[in-house]
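One structure below.
The values are calculated or read from the model by the stated rules, or taken from the named source; none is laboratory data. Remember, predicted model here, so these are calculated numbers, not experimental data. Note: ideal-geometry Cβ built from the backbone for every residue, glycine included; neighbour counts use all protein chains shown.
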Amino acid sequence: MKKLLYIVAVLLVSFQGFSQDAASLKANAQKYYDITVKLDYTMMMEMIYPKLFDIVPKETMLTTLKKTFEENEGFKVKLMPVAPNFVFGDIKKIGNQSFSVINHDTAFKIIWDEPIPAEEIQSYIDSFKATMNTQDVVYDAPNKTMDIKARSKLIAVADETTNKEWKYLTYSDQIFPMIFNEKIKTELGLGPAAGEAVIQKK
């Protein structure tokens, strides 16, 4: 059978608040969620923490997002609307920057053009459970879909580059150290994050 590459990536998307207080964090959480589920790419680009673009140029980021959701061969990835159940961390001042860690629920559906062979289903499920750090992975064979629910982590940042307004990015073990130092990671209590799942179908 023709081999297909499947990649499910944690979105490096973010949103913008309007001040450095807890009320603005909570007020804009639903806005972030709505923009993400609707895949409003233009708003995503406007609301990402700007230093991310020093690592991944804006046009590259936009292209990657569109490919993830619109241009896959053999499957589609769809974000599903669920109650975010936000949990907001304390606002912490570290140097000249303010931070808050926000956890929320995320759900998405993978829709395959062809069914996964029966002998490979459990391997897929186990791989997604491990990479997404969740036990909530269900494959629906008749509909050729896999539903995945997990907790996601956002980092809210307000500093000189954001004009002291909140902007957010999804936490990634790989990206975070390229933007912020180890001291900040430690003070925010950040640990491993779900990464990229690369799975091949034989």
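Could you tell me whether the range 146-156 includes any residue that is in contact (Cβ under 8 Å) with a residue 24 or more places away in the chain and surrounded by fewer than 14 Cβ atoms within 10 Å (Cβ to Cβ)? Scanning the range 146-156 turns up no residue that is in contact (Cβ under 8 Å) with a residue 24 or more places away in the chain and surrounded by fewer than 14 Cβ atoms within 10 Å (Cβ to Cβ). Across the range 157-175, what is the total count of residues that are among the hydrophobic types (A, V, I, L, M, F, W, C) and within 13 Å of the chain's Cα centre (by Cα)? So the answer is 2.
When the range 73-104 is limited to residues that are in a strand (DSSP E or B), of a type in the set (D, E, K, R) and over 18 Å from the mean Cα position of the chain (by Cα), the one that is surrounded by the fewest Cβ atoms within 10 Å (Cβ to Cβ) turns out to be LYS93. May I ask you to list the residues in the range 55-92 that are without any contact (Cβ under 8 Å) to a residue 40 or more places away in the chain and touching a helix residue (DSSP H, G or I) at 6+ places or on another chain (Cβ under 8 Å)? Within the range 55-92, LYS58, LEU62, LYS66, LYS76, LYS78 qualify. For the range 115-153, the set of residues classified as part of a strand (DSSP E or B), among the polar types (S, T, N, Q) and at pLDDT below 95 consists of SER152 only.
Considered as a group, the residues in the range 121-133 that are β-branched (Val, Ile, Thr) and surrounded by 16 or more Cβ atoms within 10 Å (Cβ to Cβ) include one that is farthest from LYS109 (Cα to Cα), and that residue is THR131. Counting only residues that are over 30 Å from ASN28 (Cβ atoms) and touching a helix residue (DSSP H, G or I) at 6+ places or on another chain (Cβ under 8 Å), the range 102-134 holds 1 of them. Within the range 131-156, restricting attention to residues that are over 16 Å from the mean Cα position of the chain (by Cα) and of a type in the set (A, V, I, L, M, F, W, C), the residue that is farthest from PRO81 (Cα to Cα) is ALA141.
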